[in-house]
Every structure is written in C-alpha cells, then in structure tokens.
Amino acid sequence: MRVIDDWLNKEISQNAMAILQDRYFLKDADGNYIENTWDEVAKRVARHVASAEINFSQDVKEIQKAETIFYKLIRSRIFIPNSPTLFNAGKTIDKQFFNKAIEDMTIDDYKQIFNLRTKHNMLSACFVVPMEDSLASIFDAVKNAALIMKYGGGVGYDFSVLRPKGSSIAGTGGKSSGPVSFMHVFNVAASTIEQGGSRRAAQMAVLRYDHPDVFEFINSKKDNKGNNVLNYFNISINIDNPSTFKRLIENDEELLLKHPDSKIQKKVKARELIDKMAENAWKTGDPGVLFLGRHNEYYAMSEYTPVTATNPCGEEPLPPFGSCNLGSLDISKLVEKIDLGNPTSSTGEEFKEIVYWAVRFLDDVVEANVFPLKEIEEITRRQRFVGLGIMGLADALYKKEIPYNSEDGRKFMAKVTAQLAYYSHLASTGLAKERGNFPDFEKSKYPNGFIPFAMLDDQIDKDIKIWNDKIREHFYGEAKQYKRNVQTNTVAPTGSISNLADTSSGIEPNFLLSYIRYMTNKEGERVPLTYINPVLIEKVGALITDEIKEEIVKKGSIQHIKSIPDDIKKIFVTAVDISPEDHLLAQHVIQSYLDASCSKTINMPNTATIDDVKSMYLKALDLNVKGLTIYRDGSLETQVLTTTSEN
Ligand code: ADP
C-alpha cells in the first residue's frame, strides 16, 4: 500500500510527542516510562489486537501478516484506534512478548498474549449503561459506570426512566427527587475517577423531551459555576420523533409531559420548550439534541434492543449495555495518493484494502477486548458494534483546494463517506464469510434487505448515484446473508488521536489556522510553540511573512488579511468563518452515509441570537441528521480553544 509506505517513517511533531509522553506511553509501577516512541506503541497495539486472530486461524503466517499490516496502519498514523485501545492494549502483559521480532512470533506466543489479558485491557471508548427506576438500580449504574470510566471509556445514560421529582415512592411514603438530583451522584462519581491515570471522565445524560422534569434538566447546566456543577456531563434532549415535534411547533400545539410511573403530568407549549432549549444552548452550548427515533430507524436490531442513549460526544447511539470501539482513518494523508470519492479511479482499490484491514482490526478488538461487565460483553459480542470513521477532512479539503462551505466541498464529503460506508460494509460481509455472522444476525433487519443509513438523492451527482447503486446492490444482495458487525461506521471527534496524527479533527473545519501552544521542555520550563496549519504553509508559504504570521496568530483566521488573495481565503476557511448553515449541511451529507452517527459542532458567531439557534433546530428537523450540538463562539467562560488575542 503505497500511501502507507510514504508515511511509515515520517517524524511525528513535537506536539504529538508531548501528548504521547503525557498520556499514552506505558509506565511501570514506579512511574518510569517503559515506552518512549510511537513505534513502540504501534507495535504493542498491533500485536495485542492481532493475537485475537488465533480465534480464527492457526496459521502463524496469517497472524503475522495481520499484525504487520495493523502495525503499518498505526505507525503511519493513517489509521489510529480510539484512545482506550492505545492506553490499554498490552497493558500488564509481560513486555518480553512485545520485544520479540515478528518473524519469531509463534502461535503459542499469540495464544499466551491473548490468554494473559486482564480487566486492564479494556479497549472501547463508547458505552451506554442502563438503570431502572429504583434506588438499587441507580446505584448499580453508578458502580457500573465507575468501572468503565476507570479504564478510559465514556458513558451515556437515559435518565428518562426515572420518575419525575415529587412522584410518590411506594413503601416509604416519600417523594422522588427526580433525574437531575441523581445526575449529581453520577457527576461526583465521575469526578473522583481519574481515567487510566490520564484523563478526566466524560458522560452523556439523555432525557426525553416529554419527561415532566425536562425544564429542570435543560437548566441543569445553565449556571456553570460554583460547586453544584454538572461538569462531567454533556446533556441532550431526546426528540424521539422529529416530525411529530415539528408539527407541534408549527401548529403551536401543547405537549403533554408525562411519565408511566407517575401521576405528575403537565401541559406546555412545544414552542416554550424549544425556546428554552435554544436560550440555554445559546448561553452555554447545552443542551444538545438527539433524534433517537432516527437512530433506531437505521439500527438493524432496533426491534429487540432499541438504542436509548449515546456515548458522551454523541456519535455512537447504543442499546443498554452496548459498547463500541472506534478507529479513524486520516483522509488528509490518504488524499495525497488516493483519489478519494471517485468511483472510477484505480486508486480506489488501495483505499478498499486499507478499509478492509481497518475493519478487521476493529473486529479483532471485539475479540481481544476485556469488558468491564458481563452484560456488556454479552451484547457487544452478539452484535459486534465497530465504528470506523475519518479524521483530517478539513486538511484534506485544503490539500484538494476545495472550500468546506461549498457545493463541491459537500459533494466530496458525501462521496468519501459513501465510499467508506460501502467498503467497510463489504469488509464486514467479507469477514462474516470467513468468521461467521454476528450472532443476532438472523433476528436483525439485514436478512430482509436493509440499508442502515439514509443516502442522498441519486440526482445530486453522477458519482453519488454510482455509490448509491453499489450500496443498494450490496444490501439487497450478499448482505442479506452475511454481516459480521451490526454497525460499522462512526465519526468520532478524534480530540486526542487527531493530534497524534498531526491532522485536523474528525469532520470539523479547523478551529484556528494558527495558535500558540505552551509546552514543557526537558528542563521543565513552559515554552511557547507557534503552530501554523502545515497545509497552509505548504500551499502558500511564500505569502506568509513574519508580519502576516503574527496577524494569523492574533485572529486564528486569514479572512481579514488584505494581502492574501481571495481564492486562497475561500479555501482556507476556519470553523468561525463558515456559516452555521454550512456546518449543518456538512453534517447532513456525511450523516447520510453513516449507520451510527458523527460528532459535529454547529459553530455560531458570538453575535448569533437565540432565534438563530432556534432556526438551526428547525432546519435540523428536516435533514438527515441524528442530533445537533450548537456552540456560540465565546459563550463558555472556559472555552478550550480560543485565539491568542482573546486570551
Ligand atoms: P480520542 O481521540 O481520545 O480517541 P475522541 O475525542 O474521538 O477520543 O472521543 C471518542 C469517544 O471517546 C467519546 O465520544 C467518548 O465516548 C470517549 N471519550 C473521549 N474522551 C473521553 C474522556 N475524557 N473520558 C471518557 N471518555 C472519553
């Protein structure tokens, strides 16, 4: 695979190295590093995951081949698995197994690695933990979530099952304190767990839009100050059925807030609800919106195990006790050699092969994974969720000189995602032929001919039509008999791994073209490091004088710089240069080809009004999106990424 060879031995940046040292290199019990290079991480992860292949083959050459390809994919940073796989693969397993040359590896060595796995080898990022409406069940969920968060997994919960505040409790004569009060318990639990010794925990709380406590829930993060802060939670309102909700809004109808286990019922105007959501999202970015009904429509097992919540960043809808491991392909590296999205290019074969091996890696992770609870193991093995996605979209568009916020940009996004979906579903079907279907396959929608995503209209573009035809042929053909994984595609935020890959994150436009990052040097001093987007330098480096560089650092964007030509400005857009509508349309075209979901923020300018936020909600109701996250520039006091001038 040519493109992998190109990137195999490229130096990683100082920034990526600092992150590796900070969080990813394994340490011994005394805190001394036992790893010092990305190469060692890639070897450890590839070998640990490849050891799962002993479940399918006793041919050592075959397993060595898989390990070599996994290693090259990761070493080149063309494919990087989610952080828990990087943190936990090979952990606590004798280092001697990982030092051995690949040609000396025996079947017995692979078996030993596989059999030496312990609870420390938890490899997935995404979980949903259920609870029932009882104190015992709520505190079981706290414990279950703690076990997941300890090893670096993110957890989502559906709090809608809890009866509203003030409902009677049989037996005690008392009153329930309601979902929001219990969220604080989860928040405290999360705050006391430092994940894998390296990062803070993250959780998602979901509540149905017609739960009687919905207003309290919407307000639960409004005053993000002091001690009483749900700072380990993202919150989302589940508008289960977008078309019903749209009708209520359009006709200015009332909505009945109710819960099956409570006498408490209230009537409110649907418009009141959407206004409150918009107001708070305008203020703080929370709540987000989820359309779980749409998730279930495209989920092949929804009749048996409907999804009830998502992981913390919203890209992975899951049923109770569901879990998913993710991995991302850096398309900004791939576009250098592969004509991505073009259905007639001969370079497509190379992409197809890369996608096959990436899916095989993720499927092996399901085997190699040690799950924190037997219920999670049970459903994950029965359905085999995996999430292959992309990162580096913005940088890829810069390289191809296509504006993110243009028709051409959107066609590129749609075609690449369609190609990814098609190839990864072919891979999952190919693996099913070799390894067997996911155990629940016969109960799923696949045997009846089922396409697990919406697709775009054939008329949009001739290449889109070609991908659509191939997809239809697959799902109405061999996918009716063979499917290894219930879902295969998820686009993660790639918050950490895109930094390791030195690429733009997920499907987001770059937030800043330049910024100053403070790093700690060997002497322990904090030193400023000026980052400038490498593609900008590569394409128009000659234009970027020291003076202009300073200007870019100040604003993070080039739109205000007079000496830069307009055609360059059009290409090198940032998240704040792009209109909210263009953000939403990007999400729509990409989501049209994803069976799970994607992480995407709709950035709005600081000057946006509450009505502007509301109009995004209304637009989203008509598109193929499965949720919505809004962020108004500067609305949070502790904005993570900001231009230097505003600091
Ligand atoms: P990474 O780049 O570290 O692999 P992403 O930013 O792509 O992670 O996030 C993917 C998913 O991983 C999130 O939606 C969430 O489920 C989980 N995750 C990310 N960060 C955290 C965290 N700090 N704590 C718990 N889970 C996390």
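The values are calculated or read from the model by the stated rules, or taken from the named source; none is laboratory data. Small disclaimer: the values here were computed from a predicted structure and weren't measured. Note that we place each Cβ from the backbone using ideal geometry, even for glycine, and neighbour counts take in every protein chain shown. Ligands, DNA and RNA are excluded from the accessible area calculation, which covers all protein heavy atoms including side chains. Shrake-Rupley method; radii C 1.70, N 1.55, O 1.52, S 1.80 Å.
Look at D5 and say whether it is at pLDDT below 95 and assigned to a helix (DSSP H, G or I).
So D5 fits the description; yes.
Looking at (1) in contact with a helix residue (DSSP H, G or I) (Cβ under 6 Å, 6 or more places away or on another chain); (2) over 19 Å from F233 (Cβ atoms); (3) basic (K, R), find the lone condition where K276 falls short.
That leaves (2) as the condition not met.
Taking Q58 as meeting all but one of (1) within 16 Å of the ligand (Cβ to nearest atom); (2) assigned to a loop (DSSP other than H, G, I, E, B), write down the number of the exception.
(1)
Among E523, E434, which is the only one that is over 30 Å from P580 (Cα atoms), surrounded by fewer than 24 Cβ atoms within 10 Å (Cβ to Cβ) and at pLDDT below 95?
E523
In the range 528-541, how many residues are open to solvent by 50 Å² or more (accessible area, probe 1.4 Å) and modelled with pLDDT of 90 or more?
4
Identify the residue in the range 295-342 that is away from the ligand (no atom under 15 Å from the Cβ) and acidic (D, E) and, among all such residues, is most open to solvent (accessible area, probe 1.4 Å).
The residue in question is E303.
Kindly establish whether K143 is surrounded by fewer than 17 Cβ atoms within 10 Å (Cβ to Cβ) and within 30 Å of A29 (Cβ to Cβ).
Against the criterion (surrounded by fewer than 17 Cβ atoms within 10 Å (Cβ to Cβ) and within 30 Å of A29 (Cβ to Cβ)), K143 qualifies.
Regarding the range 147-164, can at least one residue be identified that is over 30 Å from the mean Cα position of the chain (by Cα) and either basic (K, R) or within 16 Å of the ligand (Cβ to nearest atom) (or both)?
yes
Among the numbered criteria (1) open to solvent by 30 Å² or more (accessible area, probe 1.4 Å); (2) within 16 Å of the ligand (Cβ to nearest atom), which one does Y482 miss?
Condition not satisfied by Y482: (2).
Here are the criteria: (1) buried (at least 24 other Cβ atoms within 10 Å of the Cβ); (2) assigned to a loop (DSSP other than H, G, I, E, B). Tell me which single one V416 does not satisfy.
Only one criterion in (1) buried (at least 24 other Cβ atoms within 10 Å of the Cβ); (2) assigned to a loop (DSSP other than H, G, I, E, B) is unmet by V416, namely (2).
For residues in the range 166-197 being within 16 Å of the ligand (Cβ to nearest atom) and surrounded by 14 or more Cβ atoms within 10 Å (Cβ to Cβ), which is modelled with the lowest pLDDT?
Here the residue is G196.
Quick grid of which residues meet (1) outside the structural domain of R163 (by TED's automatic domain parsing); (2) in contact (Cβ under 8 Å) with a residue 60 or more places away in the chain; (3) part of a helix (DSSP H, G or I); (4) over 30 Å from D633 (Cβ atoms):
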site	(1), (2), (3), (4)
L273	no, yes, yes, no
N280	no, yes, yes, no
K283	no, yes, yes, no
A300	no, yes, no, yes
N325	yes, yes, no, yes
L329	yes, yes, no, no
K337	yes, yes, no, yes
G341	yes, yes, no, yes
S345	yes, no, no, yes
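Is there a residue being at pLDDT 95 or above, over 20 Å from L456 (Cβ atoms), surrounded by fewer than 21 Cβ atoms within 10 Å (Cβ to Cβ) and of a type in the set (D, E) anywhere in the range 623-644?
No, the range 623-644 contains no residue that is at pLDDT 95 or above, over 20 Å from L456 (Cβ atoms), surrounded by fewer than 21 Cβ atoms within 10 Å (Cβ to Cβ) and of a type in the set (D, E).
Out of curiosity, is A66 within 16 Å of the ligand (Cβ to nearest atom) and crowded, with 20+ Cβ neighbours inside 10 Å?
Against the criterion (within 16 Å of the ligand (Cβ to nearest atom) and crowded, with 20+ Cβ neighbours inside 10 Å), A66 does not qualify.
So how many residues does the range 584-601 have that are touching a Pro at 6+ places or on another chain (Cβ under 9 Å) and without any contact (Cβ under 8 Å) to a residue 60 or more places away in the chain?
Total meeting the criteria: 0.
Using the structure shown, decide if I34 is modelled with pLDDT under 95, in contact with a strand residue (DSSP E or B) (Cβ under 7 Å, 6 or more places away or on another chain) and either more than 25 Å from P493 (Cα to Cα) or of a type outside the set (S, T, Y) (or both).
Yes: the conditions hold for I34.
If only one of I69, I63 is at pLDDT 95 or above, over 26 Å from M391 (Cα atoms), assigned to a helix (DSSP H, G or I) and assigned by TED's automatic domain parsing to the domain that holds E11, which one is it?
Being at pLDDT 95 or above, over 26 Å from M391 (Cα atoms), assigned to a helix (DSSP H, G or I) and assigned by TED's automatic domain parsing to the domain that holds E11 holds for just one of I69, I63, which is I63.
If you go through the range 498-518, how many residues are open to solvent by less than 20 Å² (accessible area, probe 1.4 Å), within 9 Å of the ligand (Cβ to nearest atom) and within 11 Å of the chain's Cα centre (by Cα)?
Qualifying residue count, the range 498-518: 1.
Among (1) over 25 Å from K443 (Cα atoms); (2) in a loop (DSSP other than H, G, I, E, B), there is one condition A358 misses while meeting the rest; what is its number?
Among (1) over 25 Å from K443 (Cα atoms); (2) in a loop (DSSP other than H, G, I, E, B), A358 violates only (2).
Would you say K258 is open to solvent by 60 Å² or more (accessible area, probe 1.4 Å), under 27 Å from V188 (Cα atoms), away from the ligand (no atom under 15 Å from the Cβ) and not hydrophobic (A, V, I, L, M, F, W, C)?
Against the criterion (open to solvent by 60 Å² or more (accessible area, probe 1.4 Å), under 27 Å from V188 (Cα atoms), away from the ligand (no atom under 15 Å from the Cβ) and not hydrophobic (A, V, I, L, M, F, W, C)), K258 does not qualify.
The rows are residues; the columns are (1) touching a helix residue (DSSP H, G or I) at 6+ places or on another chain (Cβ under 8 Å); (2) small (G, A, S).
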position: Y24; (1), (2): yes, no
position: H48; (1), (2): yes, no
position: K61; (1), (2): no, no
position: I74; (1), (2): yes, no
position: I80; (1), (2): yes, no
position: S83; (1), (2): yes, yes
position: F98; (1), (2): yes, no
position: D109; (1), (2): yes, no
